[in-house]
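Student: Below you will find the structure I want to go over with you.
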């Protein structure tokens, strides 16, 4: 409600909805200063849960959306994105906390002769791309923000950040295309789909009819995007699989593995899509 | 007060209006903006100083603040400097551990005369460790080149480039006496707080000419002493952070650019990107104009191009055997740093804005608390030929005039001995040098006292140093600001004087 989130002083801006701000402050006090309650109140409100609107559809009277006629399309934070990635692909380990992860870093640091200095474990250490608990449990080492966090605009752990920047640059896409975190998650997703599919999926995979893939594609869309695929998307996905399977032909790999690789690639495309990253 | 717009800079014309009537549509526009390699400078009025305050880049409010993204400006698009620049690109050779000034670029005959005797003036109130009596340099100095610039025998090859060098003998690192804060100080301007580094500020100010490579590379940055902060963007948007190639613990021949190793077969990845682009295109069209979505579509295409083109730049085998030998590749002790310097030159040729070349912990460092002679002899032997060749090579290719080469270190070393044969950390006076990029060659600026203990004349503080580097790049250090936490920040904080005397 105040655009200058890190400046409520005289140089900051006035709130857009002062009465609402007062009311929220009153609720906050009445709840016994409980931040969680306040946050719940905010995120369950009708205003917050509005569908995203595009600037194209905003009325001239609210061209910047500041009056909350609609909410902006929101990009998932790196924590939300990483958690969502692990969750929809069935990899997320929901256990809370982890001493093991901190211990891993310390052990690793000791292994490279750095004693108790986990900041000397590199930012792209495999640990950071194989850790599958929620991101909130990913150890943040002050001077060694892992690539996955640094690339996607996580706040610098050394300073106070009211509002994160949001950047879109090619190294992020390289990470999404090539990082073991995304590749492994896509593979888990594909494996899960193929394993769950009815019938002898691996018996004659290349000969399967288009209709055989339909339930898998529906399931993939539901799981990753929370909706049914359109007929156009179904056709497109089938065309992709048809093109990718012969590509994958490699005498060294089994037919089942080739099929899995094609599906892995398809699943990864869903996870890399704007629809997955941006909240409507 | 007008509300800041949602993006860090405003379009010179209404692109929404244009797009409404354009047959190309958003995707083509964003693709073009992200991929175009030509220097597409903004109009002069769009200098960084005019960027609206940030901390409000599109949709970045996790609490779902009211900002609605309307436009997208490629954060790395080339931007015109504040005024005509003499340097367009930078190679920062960072010497980790603290190079001893009195043994390299700041000759002190009195130190030899008083060898083994107490320092006749007061030592600093605080010393990192107790030091003893004065220690003469084990190395002789000689005048070199037409300029007669004095350089010690530690750098015989570099000495042949003496007329290119502008040695700053009066550097002062303030009170940052240990490696961590001192590294942060020279790289970010603050040894205490989290601040964007020099390379990040440069990229923020000027953007990048080559869109198929990161605009700011840090080769073998140390994980020690501030770690990622030394090439990080702190509160500047993440797009300005340095991209790491390897780290201090990894031998450089094994260093890789993160994320560039393809995760899948190229043919399948191409099919996948086509599928992804079609889906994203349809999604963007369906939800209405949001340039962020178009930018992200383009970023995947750019990533794919980077993946195929960056390895070409990184492939040193494309150089002639003569060049490789000249740098010292495939020969000890120069191989590793030769590869770094040669890669830096290739990156400069390819249009990378800022390349930091690190000679760094834990495998390489100048931190000679003891056995100064072996430490500095060994380190100089590793870097002398590669650096000298880099300067010569840049000169021959016509790149030195527009490329600023900086040789820096976090502090000097005490003129008094630590133990019998070492020197301690010394931020009170030390030397760095600049070459190319509009700097006067063959000069030494500033002066220390007879012993090299304190600055006597023309003190260069870290903000002075940074202000001068930015000036050479055409950036006014007082105007290159970024609004964060309620105020405008600069690399030079609240001080800094450009050293006019060293400008060519």
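Student: Give the stretch B:251-273 a look and list any residue that's at the interface with chain A (Cβ under 8 Å from one of its Cβ atoms) and within 27 Å of residue B:337 (Cα to Cα), or say none.
Tutor: Within the stretch B:251-273, B:258, B:259, B:260, B:261, B:262 qualify.
Student: Further, regarding this structure: Is it the case that the stretch B:235-245 has a residue that's farther than 28 Å from residue B:477 by Cβ, facing another protein chain (nearest Cβ under 10 Å) and in contact (Cβ under 8 Å) with a residue 24 or more places away in the chain?
Tutor: No; the residues of the stretch B:235-245 include none that is farther than 28 Å from residue B:477 by Cβ, facing another protein chain (nearest Cβ under 10 Å) and in contact (Cβ under 8 Å) with a residue 24 or more places away in the chain.
Student: Determine, yes or no, whether residue B:355 is over 19 Å from residue B:91 (Cβ atoms) and either without any contact (Cβ under 8 Å) to a residue 40 or more places away in the chain or in contact with a helix residue (DSSP H, G or I) (Cβ under 7 Å, 6 or more places away or on another chain) (or both). Even if it seems obvious, please write down each step before you answer.
Tutor: Numbers: over 19 Å from residue B:91 (Cβ atoms): no; either without any contact (Cβ under 8 Å) to a residue 40 or more places away in the chain or in contact with a helix residue (DSSP H, G or I) (Cβ under 7 Å, 6 or more places away or on another chain) (or both): yes.
Judged against the criteria, residue B:355 is not a match.
Student: Can you find, within the stretch A:130-150, the residue that is nearest to residue B:483 (Cα to Cα) among those that are in contact (Cβ under 8 Å) with a residue 40 or more places away in the chain and within 11 Å of another protein chain (Cβ to nearest Cβ)?
Tutor: It comes out as A:149.
Student: Got a number for residues in the stretch B:390-431 being over 26 Å from residue B:114 (Cβ atoms) and in a strand (DSSP E or B)?
Tutor: Step one: list which residues in the stretch B:390-431 are over 26 Å from residue B:114 (Cβ atoms), which gives B:390-408, B:410.
Narrowing the set further to residues that are in a strand (DSSP E or B) leaves B:403-408.
Looking only at that region, the number is 6.
Each row is one residue, and each column tells you yes or no for (1) within 13 Å of the chain's Cα centre (by Cα); (2) on the phi > 0 side of the Ramachandran plot.
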| site | (1), (2) |
| --- | --- |
| B:201 | yes, no |
| B:204 | yes, no |
| B:207 | no, yes |
| B:220 | yes, yes |
| B:225 | no, yes |
| B:231 | yes, no |
| B:238 | no, no |
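Student: Another question, if that's okay. Out of B:259, B:263, B:174, B:180, I need the residue that is modelled with pLDDT under 95, part of a loop (DSSP other than H, G, I, E, B) and farther than 30 Å from residue A:262 by Cβ. Which one?
Tutor: Result of the check over B:259, B:263, B:174, B:180: B:174.
Student: Also, I was wondering about something else. Taking the condition free of Cβ contacts under 8 Å to residues at least 60 places away in the same chain, touching a helix residue (DSSP H, G or I) at 6+ places or on another chain (Cβ under 7 Å), under 23 Å from residue B:165 (Cα atoms) and crowded, with 19+ Cβ neighbours inside 10 Å, does residue B:389 pass?
Tutor: Against the criterion (free of Cβ contacts under 8 Å to residues at least 60 places away in the same chain, touching a helix residue (DSSP H, G or I) at 6+ places or on another chain (Cβ under 7 Å), under 23 Å from residue B:165 (Cα atoms) and crowded, with 19+ Cβ neighbours inside 10 Å), residue B:389 does not qualify.
Student: Still on this structure: Could you tell me whether any residue of the stretch B:142-152 is more than 21 Å from residue B:503 (Cα to Cα) and in contact (Cβ under 8 Å) with a residue 60 or more places away in the chain?
Tutor: So far as the stretch B:142-152 goes, no, none of its residues is more than 21 Å from residue B:503 (Cα to Cα) and in contact (Cβ under 8 Å) with a residue 60 or more places away in the chain.
Student: Which residue out of A:61, A:69 is at pLDDT below 95 and in a helix (DSSP H, G or I)?
Tutor: A:61
Residue by residue, here is whether (1) more than 22 Å from residue B:270 (Cβ to Cβ); (2) more than 9 Å from every other protein chain (Cβ to nearest Cβ) holds:
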position: A:214; (1), (2): yes, yes
position: A:220; (1), (2): no, yes
position: A:226; (1), (2): yes, yes
position: A:246; (1), (2): no, yes
position: A:260; (1), (2): no, yes
position: A:268; (1), (2): no, no
position: A:271; (1), (2): no, yes
position: A:275; (1), (2): no, no
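Student: Considering the stretch B:285-294 alone, what residues qualify as being surrounded by 24 or more Cβ atoms within 10 Å (Cβ to Cβ) and within 7 Å of chain A (Cβ to nearest Cβ)?
Tutor: Scanning the stretch B:285-294 gives B:290, B:292, B:293.
Student: Among the candidates A:180, A:126, A:157, A:171, single out the residue that is at the interface with chain B (Cβ under 8 Å from one of its Cβ atoms) and surrounded by fewer than 19 Cβ atoms within 10 Å (Cβ to Cβ).
Tutor: Being at the interface with chain B (Cβ under 8 Å from one of its Cβ atoms) and surrounded by fewer than 19 Cβ atoms within 10 Å (Cβ to Cβ) holds for just one of A:180, A:126, A:157, A:171, which is A:180.
Student: Yes or no: the stretch A:250-268 includes at least one residue that is part of a loop (DSSP other than H, G, I, E, B), modelled with pLDDT of 90 or more and within 25 Å of the chain's Cα centre (by Cα). Let's see the steps before the verdict.
Tutor: Applying the first criterion (part of a loop (DSSP other than H, G, I, E, B)) to the stretch A:250-268 yields A:250-254.
When the remaining residues are screened for being modelled with pLDDT of 90 or more, the result is none.
No, because not a single residue in the stretch A:250-268 is part of a loop (DSSP other than H, G, I, E, B), modelled with pLDDT of 90 or more and within 25 Å of the chain's Cα centre (by Cα).
Results for (1) surrounded by fewer than 17 Cβ atoms within 10 Å (Cβ to Cβ); (2) away from chain A (no Cβ under 14 Å); (3) on the phi < 0 side of the Ramachandran plot, shown as yes or no for each residue.
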site	(1), (2), (3)
B:442	no, yes, no
B:445	no, yes, yes
B:452	no, yes, no
B:474	no, yes, no
B:490	no, yes, yes
B:496	no, yes, no
B:503	yes, yes, yes
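Student: Out of all the residues in the stretch A:28-36, is one or more within 30 Å of residue B:488 (Cα to Cα) and part of a loop (DSSP other than H, G, I, E, B)?
Tutor: No; the residues of the stretch A:28-36 include none that is within 30 Å of residue B:488 (Cα to Cα) and part of a loop (DSSP other than H, G, I, E, B).
Student: Further, regarding this structure: For the stretch A:74-132, please list each of the helices (runs of 4 or more DSSP H) lying entirely inside it that holds at least 3 residues being modelled with pLDDT under 75 and over 15 Å from residue A:142 (Cα atoms).
Tutor: A:99-111
Student: Check B:373, B:353, B:339, B:363 and return the single one that is at pLDDT 95 or above and surrounded by fewer than 22 Cβ atoms within 10 Å (Cβ to Cβ).
Tutor: B:373
The values are calculated or read from the model by the stated rules, or taken from the named source; none is laboratory data. Just so you know, these numbers come straight off a predicted model, no measurement behind them. Don't worry about glycine lacking a Cβ; one is built from the backbone with ideal geometry, like all the others, and counts go over all protein chains shown.
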